[in-house]
Structures are given as C-alpha cells and as structure tokens.
Amino acid sequence: MSKPDLMLYLAAPRGFCAGVDRAIKIVELALQKWGAPVYVRHEIVHNKYVVDALRDQGAIFVEELDDCPDDRPVIFSAHGVPKAVPAEASRRHMIAVDATCPLVTKVHMEAQRHSENGLQMVMIGHEGHPETVGTMGQLPEGEVLLVETAEDVAHLQVRDAEKLAFITQTTLSVDDTAAIVAALKARFPAILGPHKEDICYATTNRQAAVKQIAGRIDALLVIGAPNSSNSKRLVEVGRAAGCSYAQLVQRASEIDWRALDGIASVGVTAGASAPEGLVNEVIGAFRERYAVTVELVETAQENVEFKVPRILREPA
C-alpha cells in the first residue's frame with residue numbers, strides 16, 4: 001500500500017542555542033577535569049534526554065546546595081541562581097562552576113545597575129521558573145516585583161512610580177511581552193527599559209521561524225520538555241500565527257497520530273534545549289508513515305558561541 005504524501009517544513013533555527021551548548025559542555029568538561037561525580041544544582045537545561053545522558057556520565061542532579069558534599073564540584077544551571085547560592089558555596093569552600101547563560105547574566109547585571117541607581121525593578125516572567133527565581137534573587141526581597149500578564153500591571157504596588165525599571169525573562173513570547181511592556185509604559189511613563197531586548201536572540205529566532213511556517217501547515221510539532229519555557233512559547237506562537245493544531249512532544253513516541261490523520265503538511269521545530277537527535281527521530285517517524293518531502297525554512301543563521309568559564313580552561 002502506498003504511503004500518503006506529506007510536506008514537512010523544518011524550521012531553522014531550531015534546537016540548541018549557544019547558552020545550552022555551553023552549559024552541557026561545562027558539565028562534560030567538569031567530569032573530564034575532576035572525574036565523577038560532579039553535582040549539578042537543578043537540571044542543567046530543561047531536557048530529560050540531555051540530563052539523562054549527563055547522569056550516565058557521572059553527573060548527579062540535586063535540587064539544593066544542601067544536597068551536595070563540600071568536597072565535590074557543583075555546577076549552577078544555565079537558568080541562573082539567586083546570589084545567596086554562590087555565596088553559600090563560597091562559605092563552604094566548594095569548587096563552584098557557574099553555567100548561567102551569559103544572556104541571563106546580562107539581565108542580572110542590568111537589575112543590579114538599576115538597583116544601585118535607586119530604581120525598583122519590575123520583572124516580566126513566569127512565577128517559579130528557575131530563571132525568574134535566579135534573577136529576582138539578585139536583589140533584596142521586595143526590590144523586584146513580578147508581573148506575568150498585562151492585567152497584572154494594574155495591581156502593581158510600587159514604591160515610587162518615578163523610579164522604576166523593567167527586565168524580562170529571556171525565554172518569553174516576543175508578542176506577549178510587547179503587550180506587557182506597553183501596559184507598564186502606559187501606567188508608569190517614567191519606567192526605564194533595557195537598552196536592548198532582554199528576550200534572547202535564540203528565543204526570538206525560533207519564534208520567527210515558526211511564524212514563517214505557521215500559515216502553510218496543518219499541524220505544528222514542537223520538540224521540547226513540558227517544563228521548558230521557550231518550547232511552550234513556540235506552541236503558543238504557532239497557534240497565534242494561524243496553525244490551529246500545535247503540540248509539544250518530548251520525542252517521537254509522544255506524537256498523537258490520530259490527531260494528525262488526514263493532514264497534508266506539518267511543521268517541525270525544537271526548543272532551545274532539545275537535541276537534534278530528537279528532531280531526526282521525529283522526522284524518521286513521519287517517514288515510516290508518509291511519503292515525506294522535507295523543506296527547510298530558514299529565517300536566520302546563528303553563529304553565536306560562548307566561552308566556558310576560565311576554571312575549565314585551566315589544567316586540573
């Protein structure tokens with residue numbers, strides 16, 4: 001029996017960004033330098049398959065510094081940590097390696113600079129997300145107020161409406177954030193924003209690629225973890241851009257084939273912490289069921305690379 005034809009639009013850029021690449025490399029280099037085990041506070045990036053692969057090499061993932069012994073290296077995840085965490089590691093004389101994405105560190109430094117200038121911060125982000133927790137933890141309690149939606153802006157209780165600045169989580173939807181920024185500027189005309197958008201280049205690029213294909217596909221599959229903010233935003237962006245069926249899957253085994261019955265075209269992308277091997281696995285699963293024609297839709301090229309910390313470039 002012949003397979004039905006399927007047009008598969010492969011979004012680019014997709015998958016690993018420079019910050020994720022660097023974070024994974026940091027764990028691998030730490031294992032090479034100090035041997036197993038090395039401890040990692042929180043998932044290094046939000047992807048089960050990446051974490052499992054590093055665990056197999058000897059990384060131990062823990063929730064808090066209290067779960068780490070003093071005599072083994074500890075790595076802080078790409079999402080960043082509150083200031084109290086490295087301070088505690090230093091107090092315990094631990095070898096600590098910071099895998100915070102440099103673009104998240106840039107937001108931390110922004111917050112610090114504004115605070116030193118006497119401004120109270122408003123952070124646009126998701127409550128409880130490790131990046132939000134880490135960024136808010138750069139300043140004392142009450143110095144950073146969190147908003148998740150444009151509606152939240154109306155309820156903000158600020159110290160001084162003339163002395164405010166805002167920052168954002170790096171993995172948000174560009175369009176949703178624009179609405180929140182507009183609400184902030186309408187209510188607090190004096191509020192200062194970042195010189196350059198806090199949302200990272202990789203998040204923006206992946207969302208732009210999805211917008212490019214959304215109008216020509218019957219379904220969109222985003223490969224990523226359910227706790228990955230940037231992956232969930234890709235699903236939302238696909239729906240908002242006109243693709244009524246957009247689904248987040250961790251890998252090929254999670255595809256709901258019944259929901260895809262009768263489709264003629266599908267778009268595939270991957271969040272910034274999803275490895276390319278999982279993309280290939282999904283394409284392979286489509287090839288088993290359809291006569292697939294793949295078209296690459298590339299909206300940007302990325303050549304960003306971040307150096308690993310000096311401690312890993314020096315001999316043991």
Would you call Glu151 assigned to a helix (DSSP H, G or I) and either farther than 30 Å from Ala190 by Cβ or assigned by TED's automatic domain parsing to the domain that holds Ala270 (or both)? no
By my count, helices (runs of 4 or more DSSP H) wholly in segment 1-116 with at least 2 residues that are farther than 26 Å from Thr170 by Cβ and at pLDDT 95 or above are 18-34, 48-57
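Test Thr149 against the criterion of being buried (at least 21 other Cβ atoms within 10 Å of the Cβ), of a type outside the set (Phe, Trp, Tyr) and on the phi < 0 side of the Ramachandran plot, and give yes or no.
No; evaluated as a whole, the condition is false for this residue.
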Kindly list, by first and then second residue, each pair from a residue in segment 290-315 that is touching a residue at least 40 places away in the same chain (Cβ under 8 Å) to a residue that is surrounded by 15 or more Cβ atoms within 10 Å (Cβ to Cβ) and among the polar types (S, T, N, Q), limited to pairs with Cβ atoms under 8 Å and residues at least 6 apart or on different chains. Val297/Gln212; Thr299/Asn205; Thr299/Gln212; Ala300/Asn205; Glu302/Asn205
If you check Ala225 against the conditions, is it in contact (Cβ under 8 Å) with a residue 60 or more places away in the chain and under 21 Å from the mean Cα position of the chain (by Cα)? yes
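Residue check: is Thr171 among the β-branched types (Val, Ile, Thr) and not in a helix (DSSP H, G or I)?
So Thr171 passes the test.
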Output the qualifying pairs, or none if there are none: Cβ atoms under 6 angstrom, residues six or more apart or on different chains, first residue in segment 117-145 and assigned to a strand (DSSP E or B), second residue of a type in the set (Lys, Arg). Gln120/Arg159
The residue from Val50, Val45, Val27 that alone is touching a strand residue (DSSP E or B) at 6+ places or on another chain (Cβ under 6 Å) and touching a residue at least 12 places away in the same chain (Cβ under 8 Å) is Val27
Mind listing whichever residues of segment 209-243 are of a type in the set (Val, Ile, Thr) and touching a Phe, Trp or Tyr at 6+ places or on another chain (Cβ under 9 Å)? Ile213, Ile217
Give me the pairs, please: first residue somewhere in segment 59-86 and within 21 Å of Val144 (Cβ to Cβ), second residue anywhere and acidic (Asp, Glu) and at pLDDT 95 or above, beta-carbon distance under 6 Å, and either six or more positions apart or on two chains. Phe76/Asp98; His79/Glu131; Gly80/Glu131
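The values are calculated or read from the model by the stated rules, or taken from the named source; none is laboratory data. These figures come from a predicted structure and were not determined experimentally. Virtual Cβ from ideal backbone geometry, glycine too; neighbours counted across all protein chains shown.
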